[in-house]
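Please read the structure below before turning to the comments.
The values are calculated or read from the model by the stated rules, or taken from the named source; none is laboratory data. Predicted model, so just to flag it, every value in this text is computed and none were measured. Every residue, glycine among them, receives a Cβ derived from its backbone with ideal geometry; neighbour counts consider all protein chains shown.
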Amino acid sequence: MDLAKLLEDGVLVEREDDSSRARPFIYEDTEGGTVSLFFRIGDVQSQMSEAAPDDLVLPYTRTMMAFLLFNSSPRRIAMIGLGGGSMAKWCYRQLAEADITVVEINQQVIELREHFYIPEDDGRFRVLCEDGARYVAETAGRLDVRPDVLIVDGFGAEGQPPELCSQSFYDDCYRALHADGLMVVNLCDLRDEVHIARIRRSFGDRVLVATFEDGENRVVFAGKGDGLRPEAEAGEEFVERLKALSARREHPAGRER
C-alpha cells in the first residue's frame, strides 16, 4: 500500500499537530465502505465499516471480545488504547450495565473519535487522555475502581510501547484486576514470546494464548483468581473455538446486534 494509491482510491484525512506524539491519519475507502486508522502507511491500527459502524471488522477484535465466554456480565471494563474505538463501541452498545473507561495517551487519536462514531462521554463511558501504564499502576491501589476485565491494545507508530509490555506493567495489571478479573492482551511483536513469559510470571498458569495462521496478532487471556481456568476450558479445544470465532463476522458468546 502506498500514499499515491491511497489518494487515488479513497480519501486521506490527516490531523495537523506539532505534538511529539505520532500523528494518526484516517483513510476512507469510498469503494470498500471502510474507514481505517493508521500511524504509517501499510499498518492498519483500526478499521470500521461505514454501513455497520458498531461491527467488529478485524478478526483479532472479535477474539478479544471472547472474554464474554468467561464473564458474560462484567460490571467494570478498562481498556488501554482507543484506536478507532471498535471494541469500546461494541462494549458500550452490547453491555448496557457495564461501566467502561478507555485510556489513550495520544490526544490526536482521541480527536478522531467522531470519524469512528465513538460515543460521547457519559455516566458509564469515558475516554481519558492518560498514560496507560500509569493508570493501571494507580488503579492497583484503588479497590473502588478495579475492573472485572482489563483490555490491553495499546500501539503507536513503532508498535507496542515497552511500558505496556514490561514485567512491572503485567504485575500491575494483575494487582489492578478485581479478585476474579480477566486481562486480555493483543500482541503483535517480534518479542511476543518474551511478553507471554512475563504474563505467565504475573498470572501463573491461568493463561491461554490464541494464535492465528493468517495473521500476526496473538491474543492472550490471563485470569486472576477464578477468572480463568485453562484446565476447565480444555486448552487447545478452547483456542480452536477462538480461532473459529475470529474467522466469522459475528459477535462473541452468541450476542445479537
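Report yes if some residue within the stretch 197-208 is aromatic (F, W, Y), free of Cβ contacts under 8 Å to residues at least 60 places away in the same chain and either touching a strand residue (DSSP E or B) at 6+ places or on another chain (Cβ under 8 Å) or not assigned by TED's automatic domain parsing to the domain that holds Q108 (or both); otherwise report no. Spell out the reasoning first.
Residues of the stretch 197-208 that are aromatic (F, W, Y), as a first pass: 203.
Next, from what is left, pick out any that are free of Cβ contacts under 8 Å to residues at least 60 places away in the same chain: 203.
Those still in the list that are either touching a strand residue (DSSP E or B) at 6+ places or on another chain (Cβ under 8 Å) or not assigned by TED's automatic domain parsing to the domain that holds Q108 (or both) too: 203.
Taking every residue of the stretch 197-208 in turn, at least one turns out to be aromatic (F, W, Y), free of Cβ contacts under 8 Å to residues at least 60 places away in the same chain and either touching a strand residue (DSSP E or B) at 6+ places or on another chain (Cβ under 8 Å) or not assigned by TED's automatic domain parsing to the domain that holds Q108 (or both).
Return a yes/no flag: does the stretch 143-152 have any residue that is farther than 19 Å from C91 by Cβ and acidic (D, E).
For the stretch 143-152, residues farther than 19 Å from C91 by Cβ and acidic (D, E): present.
If a residue must be in a helix (DSSP H, G or I) and either aliphatic (A, V, I, L, M) or crowded, with 23+ Cβ neighbours inside 10 Å (or both), how many such residues does the stretch 92-127 contain?
First, pick out the residues of the stretch 92-127 that are in a helix (DSSP H, G or I): 92-94, 107-110, 113-116.
Next cut, either aliphatic (A, V, I, L, M) or crowded, with 23+ Cβ neighbours inside 10 Å (or both) only: 109-110.
Residues meeting the conditions: 2.
Looking only at the stretch 164-179, which residues are in contact with a Ser or Thr (Cβ under 9 Å, 6 or more places away or on another chain) and surrounded by fewer than 17 Cβ atoms within 10 Å (Cβ to Cβ)?
Q167, R175, listed by residue number.
Considering only the stretch 68-81, I want to know if a residue exists there that is within 25 Å of P162 (Cβ to Cβ), part of a loop (DSSP other than H, G, I, E, B) and not aliphatic (A, V, I, L, M).
Step one: of the stretch 68-81, the residues within 25 Å of P162 (Cβ to Cβ) are 77-81.
With the extra rule that they be part of a loop (DSSP other than H, G, I, E, B), the set shrinks to 81.
The next check asks that each one be not aliphatic (A, V, I, L, M); those that pass are 81.
Yes, because at least one residue in the stretch 68-81 is within 25 Å of P162 (Cβ to Cβ), part of a loop (DSSP other than H, G, I, E, B) and not aliphatic (A, V, I, L, M).
State yes or no: is D144 assigned to a loop (DSSP other than H, G, I, E, B), more than 18 Å from the chain's Cα centre (by Cα) and either over 18 Å from A22 (Cβ atoms) or not assigned by TED's automatic domain parsing to the domain that holds F25 (or both)?
When the stated conditions are applied, D144 does not pass them.
L82: surrounded by 17 or more Cβ atoms within 10 Å (Cβ to Cβ), farther than 22 Å from V207 by Cα and either modelled with pLDDT of 95 or more or among the basic types (K, R) (or both), yes or no?
Values: surrounded by 17 or more Cβ atoms within 10 Å (Cβ to Cβ): yes; farther than 22 Å from V207 by Cα: yes; either modelled with pLDDT of 95 or more or among the basic types (K, R) (or both): yes.
Here the answer is yes, as L82 does meet what is asked.
Please work out if Q160 is of a type in the set (S, T, N, Q) and either over 23 Å from Y174 (Cβ atoms) or without any contact (Cβ under 8 Å) to a residue 12 or more places away in the chain (or both).
Spelling it out, it is not the case that Q160 is of a type in the set (S, T, N, Q) and either over 23 Å from Y174 (Cβ atoms) or without any contact (Cβ under 8 Å) to a residue 12 or more places away in the chain (or both).
Among the residues of the stretch 57-70, is there at least one that is modelled with pLDDT under 95, among the basic types (K, R) and touching a His at 6+ places or on another chain (Cβ under 9 Å)?
Checked the stretch 57-70: at least one residue is modelled with pLDDT under 95, among the basic types (K, R) and touching a His at 6+ places or on another chain (Cβ under 9 Å).
Residue check: is D226 at pLDDT 65 or above, crowded, with 16+ Cβ neighbours inside 10 Å and of a type in the set (D, E)?
Criteria not met by D226.
Is it the case, given these coordinates, that M65 is in a helix (DSSP H, G or I), out of contact with any Ser or Thr (no Cβ under 6 Å at 6 or more places or on another chain) and closer than 27 Å to P162 by Cα?
Here the answer is yes, as M65 does meet what is asked.
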